[in-house]
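The values are calculated or read from the model by the stated rules, or taken from the named source; none is laboratory data. Only a predicted model underlies this, so the values are computations on that prediction, with no experimental measurement involved. Using ideal geometry, Cβ is built from the backbone for each residue, glycine included, and neighbour counts are taken over all protein chains shown. Please note that ligands, DNA and RNA were not included when accessible areas were found on the heavy atoms of the full protein model with its side chains. Shrake-Rupley method; radii C 1.70, N 1.55, O 1.52, S 1.80 Å.
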Amino acid sequence: GQQFALPPEPPEPPLPSLDKKALDAVALANRPEVAVSQSALEAAYIAYHLVDAPNRPNLSLQAAWGNQVSPTNRAALYDECVAYGFPPSECLPGRTHFYEIAITSTWTLPLLDWGTLHAGHGAASRLIDEQTQALTSARQQALIDVDQAVRRLLVTRDNLALASANVQVARQAALISAVQYKAGLATVTDVQAAQQSYLSVARDHLVAQVDY
């Protein structure tokens with residue numbers, strides 16, 4: 001039949017670093033719910049400042065640059081000047097380009113507000129408080145998950161150590177039972193019970209190894 005190459009027992013990886021501060025920092029930096037809550041809080045702060053946006057001044061900037069005379073007209077003006085008898089040095093046109101820069105400021109002040117701004121600020125403030133609480137809860141849950149994961153790892157390691165000790169005890173009991181049977185001090189039933197107990201403990205040990 002088909003043969004499978006199996007190790008005598010599952011490998012036991014070494015215990016990772018359990019520096020609580022480092023693990024907490026990694027969790028807070030990589031948990032998506034923390035990042036989402038942080039972004040939501042930043043959006044809430046922006047929404048608070050946008051309440052006053054319609055009443056803030058609007059500035060617009062315009063700029064222009066160009067040339068007022070075309071090369072053809074420039075040559076015609078030069079020829080006309082020389083034709084009138086002026087020296088060519090005095091017929092050179094001056095600067096023809098121009099610059100224009102304008103800044104426009106618009107202010108809007110509501111004549112009747114009816115508490116709109118106050119209500120808007122109140123709603124935005126409550127949203128900030130809500131998102132702050134959500135961020136705090138997300139960070140707290142991430143820290144709780146890290147603590148629980150560390151505790152589960154330690155408990156699993158202790159369970160593996162206990163299962164390993166139980167295997168040694170059950171194996172020794174099965175060997176002693178076999179020796180006693182050969183010496184006439186135990187029955188076949190006693191030997192089978194010891195072997196069955198050893199197999200059960202060995203199965204539990206394998207489960208503990210896989211869990212770890």
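What number, rounded to the nearest 500 deg cm²/dmol, is the helix-based mean residue ellipticity at 222 nm of the chain, given -39500 (n - 2.57) per DSSP H run of at least four residues and division by all its residues?
Numbers: 5 runs with 134 residues, N = 212.
Mean residue ellipticity at 222 nm (helix-derived): -22500 deg cm²/dmol.
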Accessible area of the chain belonging to carbon and sulfur atoms, whole % at 1.4 Å probe | 61 percent
Taking Cα atoms, the helix 188-211 axis meets the longest principal axis of the chain at an angle in degrees (rounded to 10) of 10 degrees
Angle, helix 20-30 long axis vs. longest principal axis of the chain, Cα atoms, 0 to 90°, nearest 10?
-> 50 degrees
At 1.4 Å probe size, with every protein chain present, just tell me what the per residue accessible area of the stretch 86-212 comes to in Å².
-> 73 Å²
Which is farthest toward the positive dipole end of the chain among GLN209, ALA63, ILE46, measuring Cα position about the Cα centre, with Cβ charges +1 (Lys, Arg) and -1 (Asp, Glu)?
-> GLN209
Cα-centre dipole for the chain with unit charges at Cβ (Lys and Arg positive, Asp and Glu negative), debye to 20 = 760 debye
Report, in degrees rounded to the nearest 10, the 0 to 90 angle that the Cα long axis of helix 71-83 makes with the longest principal axis of the chain.
-> 20 degrees
Tensor-based shape of the chain (alpha-carbon gyration tensor, a/c under 1.5 rounded, otherwise prolate or oblate) = prolate
Karplus ³J(HN,Hα) for the stretch 140-154 (6.51 cos²θ - 1.76 cosθ + 1.60, θ = phi - 60°; Hz, whole; x = Gly/Pro) runs 5, 5, 5, 5, 5, 4, 5, 4, 5, 5, 5, 5, 4, 5, 5
